[in-house]
Each structure stands twice: as C-alpha cells, then as structure tokens.
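Q: First the structure, then my questions, so here it is.
The values are calculated or read from the model by the stated rules, or taken from the named source; none is laboratory data. Remember, predicted model here, so these are calculated numbers, not experimental data. Backbone-built Cβ (ideal geometry, glycine too); neighbour counts: all protein chains shown. We work out accessible area using only protein heavy atoms, side chains counted, and drop any ligands, DNA or RNA first. Shrake-Rupley method; radii C 1.70, N 1.55, O 1.52, S 1.80 Å.
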Amino acid sequence: MPADYNGRWEMVSNDKFEDILKAIDIDFATRKIASHLSQTKEIVQDGDKFETKTLSTFRNYEVNFTIGEEFEEHTKGLDNRKVMTTVTRDGDKLVCVQKGEKDNRGWKQWLEGDMLHLEIHVLDKVCHQVFKKSQ
Ligand code: 1AG
C-alpha cells in the first residue's frame, strides 16, 4: 500500500528555510516574519489525488495535484511566480519538479513513522522541514 499522507501535521523543525526564501527573492522584512512561523500541513489524499494546505498565522498556501499530471502552479502569497509542476512517486516518496524561472526548483516528501519530512530545494539551496502527525 502506498504511503498515507492524510491528516494534520505540525511543524517540529525547519532547517535552512531562510536560504530558500532568499533564493526565491523574498524581501528582508517578509523573510524575518516567514522564517519564524510554525507551519501546519493539512493533507487530504485519495489515491493519486492530493489536496494540501500549508497554514500559518501569517499566510496560507494551498496546492492540489494528481500524481503524474503536470499543471500550472501559481505560488500565490509565496513568491507569486508561475511554475509548471509535476509530482511523481519514487517508491513511497513524492517528488515534485517545478519548472520555471528558478532552476532546480521542487520538493520531496516522505514519511518516517509518524513524522512527515519535506525537503524543499531551489538552485543549490535545500531546506528540510519535519512535521509530526497531530490528527
Ligand atoms: C509546498 O508543500 C510548500 C508550501 O508546496 C509552503 C512552504 C514553504 C513556503 C515557501 C516559500 C515561502 C515564500 C514566501 C514567504 C511568505 C510566507 C511564508 C508562509 C509559509 C506558510 C505557507 C507542498 C507539499 C505537498 O507539502 O504535500
């Protein structure tokens, strides 16, 4: 059975997030706010279909996708770019490629026990976020 990402996940660590913010040209003031946020993820998964919300006291971000289907993603409230996004599976990992202005942009997501790991990469920068299952 493929990994089950359903649920609510609370951030426990966010390593090198500011490197990502800089790489996507987020201004200083916004970086200072964004880098101190605790994020919560809500994921509804039905087979290959995912509805995801990343929530915080400052901004929220929603992205929905189906495995293997490319779509245009607008990173609204983040860096406000348009990218062509495809999420595929590599075993139990989800691998996202976001083609656009910034090279080597995307993320990988996987589970380890009741922890969800999200590695976000842009250019040569990598951020590692860990979330603990709460519901
Ligand atoms: C994602 O996960 C990542 C979503 O697509 C958001 C995570 C980090 C935000 C990235 C860049 C931040 C840009 C500007 C800073 C402004 C506000 C920060 C707000 C942070 C909370 C939204 C999808 C994946 C699918 O988990 O399962």
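Q: Within the range 42-54, is even one residue more than 14 Å from the chain's Cα centre (by Cα) and of a type in the set (Val, Ile, Thr)?
A: yes
Q: Shifting gears a bit: If I ask for residues that are polar (S, T, N, Q) and more than 18 Å from LEU118 (Cα to Cα), which ones from the range 39-58 would you list?
A: If the condition is that a residue be polar (S, T, N, Q) and more than 18 Å from LEU118 (Cα to Cα), then THR57 is the only one that fits.
Q: Conditions first: (1) within 22 Å of LEU111 (Cα to Cα); (2) touching a Leu at 6+ places or on another chain (Cβ under 9 Å). VAL44 passes all but one, so which condition is the exception?
A: The one condition VAL44 does not meet is (2).
Q: Taking the range 1-38 as the search range and keeping residues that are hydrophobic (A, V, I, L, M, F, W, C), over 15 Å from HIS117 (Cα atoms) and near the ligand (Cβ under 9 Å from one of its atoms), which one is farthest from the chain's Cα centre (by Cα)?
A: That would be ILE33.
Q: For the range 107-135, which positions are under 17 Å from ALA3 (Cα atoms) and among the basic types (Lys, Arg)?
A: Once the filter is applied, which keeps residues that are under 17 Å from ALA3 (Cα atoms) and among the basic types (Lys, Arg), the range 107-135 yields LYS108, LYS132, LYS133.
Q: Is it fair to say ILE120 is open to solvent by 30 Å² or more (accessible area, probe 1.4 Å) and out of contact with any Leu (no Cβ under 6 Å at 6 or more places or on another chain)?
A: In short, yes.
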